[in-house]
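As C-alpha cells, the structure follows; a few thoughts come after it.
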Amino acid sequence: MRPGPFDYYEPENIAQALDLITEATVIAGGQSLIPSMRLRQVTVTKLISISNIAELSGDIIKKADSIEIGALTTLSDLLSSQIIEEHTPWLREAAQQVGDVQVRNLATVVGNICWSDPRANMSIALLASNAIITTINSKLQERKISLKDFFVSFQKNILENELVKNILIPNHELAAGRYLEFSRQRNDLALVNVSVVSSEKKTTLVIGGTRNVPLIIETDEHNKMNHAATIMNKIPDRLNDFHTDQYGSQQYRLELAISLARRVLNSLRCKLDE
Ligand SMILES: Cc1cc2nc3c(=O)[nH]c(=O)nc-3n(C[C@H](O)[C@H](O)[C@H](O)COP(=O)(O)OP(=O)(O)OC[C@H]3O[C@@H](n4cnc5c(N)ncnc54)[C@H](O)[C@@H]3O)c2cc1C
C-alpha cells in the first residue's frame with residue numbers, strides 16, 4: 001500500500017525543524033516509520049527529515065566520562081566503530097541482529113529507541129548500559145533523560161515536541177555486557193531479547209518482548225556478591241510482567257527470558273562473581 005499524502009520538509013538547522021515539530025513527524029532513516037505509513041498504521045500529514053541538519057551528528061565520540069552516539073548515527077556506523085568494539089561490544093551484538101545490511105545502512109540508533117517498540121534491539125542494550133539521552137525543545141533548551149524514564153507504553157515515549165540530539169553511555173569501569181535474542185525467523189523482531197551489563201558496582205538485566213515496555217531487573221548496588229544468582233532469582237517474581245499473544249504464552253516468554261538470561265550471565269560469570 002502507498003502512504004496517504006503528506007508534506008515533506010528538509011530543514012537545514014535544528015531551529016527550523018523545531019518550528020515545524022508541533023504539527024509534524026520526524027523521520028530519520030525511515031526504517032520503522034515508512035513501513036508503518038505504508039500499512040496505514042501511522043498517518044502523517046507533515047514529515048520533517050532531519051538528515052540534512054548539520055548540527056546533528058552521525059559520529060560516535062569517546063568523551064572523558066561517556067561515549068556519545070549522535071542522532072544521525074546509523075547501525076552500520078555503530079558496527080564499524082572501533083570505540084564501540086573496544087568499550088561496549090554488546091551494542092554491536094544488538095545492532096548486528098537488526099534487519100539486513102540495507103536496513104542497517106539507513107536505520108539510526110536514535111530512531112530505534114524513539115520508535116519505542118519494547119523489543120527494539122538498541123533500546124534493550126542501551127537500557128542495560130544505563131544510557132542517557134539529550135533532547136532539545138522548540139526554545140532550544142536541552143534536557144537529559146535517563147533512558148529508564150523514556151518509555152511510557154507500546155510505541156510511546158515521553159518526548160514532547162522535542163528532538164533527540166544524542167545518546168550518552170556513561171563510562172563503565174571494568175564493565176562487561178552481552179546481548180542475546182530469540183526470534184521466530186531471521187529479520188523478525190525478537191520474540192524475547194535480553195541484555196546484561198555488569199560493572200563492579202551493579203548488574204542490570206533488561207528483557208524485551210515481555211509487555212509494553214522493557215523489563216529492568218537490577219542488583220543492589222551494595223550487594224556485590226553473586227550478581228548472577230541474585231538476578232536469576234528475581235526473574236520468576238516478574239511473571240506478571242510477561243504477556244500472552246499468538247506468538248507465545250506468558251509462561252513460554254518467561255522461560256525464554258530465563259534461558260537467555262542464564263546464557264548471557266554464564267558467559268559473563270567470571271566477571272560477575274569475581
Ligand atoms: C526489514 C526490517 C527488519 C527490522 N528488524 C529489526 C530488528 O530485528 N530489531 C529492531 O530493533 N528493529 C528492526 N527493524 C526496525 C528498524 O530498523 C529500527 O526501528 C530503526 O532503527 C529505526 O530507525 P530510523 O532511523 O529508520 O527511524 P525512523 O523510522 O525514521 O523513525 C522512527 C521513529 O523515531 C522518531 N525519531 C527518529 N529520530 C528522531 C530524533 N532524532 N528525535 C526524535 N524522534 C526521532 C521518528 O519520529 C519515528 O517516530 C527492522 C526494520 C525493517 C524494515
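Structure values in brief
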| quantity | calculated |
| --- | --- |
| Neighbour net charge for Asp241 - beta-carbon separation under 13 angstrom, K R +1, D E -1 | +3 |
| Debye, to nearest 20: dipole size of the chain, +1 on Lys, Arg Cβ, -1 on Asp, Glu Cβ | 720 debye |
| Euclidean distance of C-alpha centroids, segment 80-100 and segment 1-43, integer Å | 27 Å |
| Filtered trypsin sites (Lys or Arg not before Pro), segment 57-102: DSSP coil and at most 11 other beta carbons within 10 Å | Lys63 |
| Mean separation of Cα contacts under 8 Å (6+ apart) over length of the chain, as relative contact order % | 15 percent |
| Magnitude of the charge dipole, segment 60-170, Cβ model with Lys/Arg +1 and Asp/Glu -1, debye to 20 | 220 debye |
| Trypsin sites (Lys or Arg not before Pro) within segment 161-236: DSSP coil, no more than 12 neighbouring Cβ in 10 Å | Arg184, Arg186 |
| Extreme residue, positive dipole direction of the chain, given options His227, Leu79, Ser51 (C-beta unit charges) | His227 |
| 5 angstrom amide H check on Asn157, placed H, neighbours 5+ away | Val152 |
| Cut-off under 5 Å, modelled amide H: who pairs with Ile50 long-range | Ile27 |
| Summed residue charge, Cβ within 15 Å of Leu189's Cβ, Lys/Arg positive, Asp/Glu negative | +1 |
| Hits among lysines - C-alpha to C-alpha of Lys201 under 16 Å, sequence gap 8 or more where chains match | Lys224, Lys271 |
| Helix-derived mean residue ellipticity, 222 nm - over the chain, DSSP H n ≥ 4, -39500 (n - 2.57), to 500 | -8500 deg cm²/dmol |
| Partner lysines for Lys62 [C-alpha distance under 17 Å; skip if fewer than 8 residues away on the same chain] | Lys165 |
| Neighbour net charge for Glu23 - beta-carbon separation under 12 angstrom, K R +1, D E -1 | -1 |
| Exposure proxy order (Cβ contacts within 10 Å, fewest to most) of Ser198, Ser32 | Ser32, Ser198 |
| Among Ser138, Thr88, Gln102 the positive-end extreme of the charge dipole of segment 60-170 (Cβ point charges) | Ser138 |
| Point-charge dipole on Cβ atoms (K/R +1, D/E -1) for segment 28-79, about Cα centre, debye to 20 | 360 debye |
| Relative contact order (%) - criterion: Cα under 8 Å, at least six apart; region: segment 7-49 | 61 percent |
| Ile158/Val103 FRET efficiency (R0 25 Å; Cβ-Cβ; nearest 0.05) | 0.40 |
| Ranked list, fewest to most other Cβ atoms within 10 Å of each Cβ, for His227, His172 | His172, His227 |
| Inter-label distance, nm, simple model (7 Å from Cα along the C-beta direction), Asn137/Arg184 | 4.1 nm |
| The chain: most fluctuating residue of Val192, Val164, Val101 per GNM, C-alpha cutoff 10 Å | Val101 |
| Paramagnetic label zone (point 7 Å from Cα along Cα-to-C-beta, Asp19; backbone N under 12 Å) in segment 158-189 | none |
| Contact order relative to length of segment 104-159, as percent, for alpha carbon pairs under 8 angstrom and 6 or more apart | 31 percent |
| Exposure proxy order (Cβ contacts within 10 Å, fewest to most) of Met122, Met232, Met37 | Met232, Met37, Met122 |
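Bear in mind these aren't lab numbers, they're just calculated from the coordinates by the rules spelled out. The model shown is predicted, which means the values in this text are computed figures rather than measured ones. Every residue, glycine among them, receives a Cβ derived from its backbone with ideal geometry; neighbour counts consider all protein chains shown.
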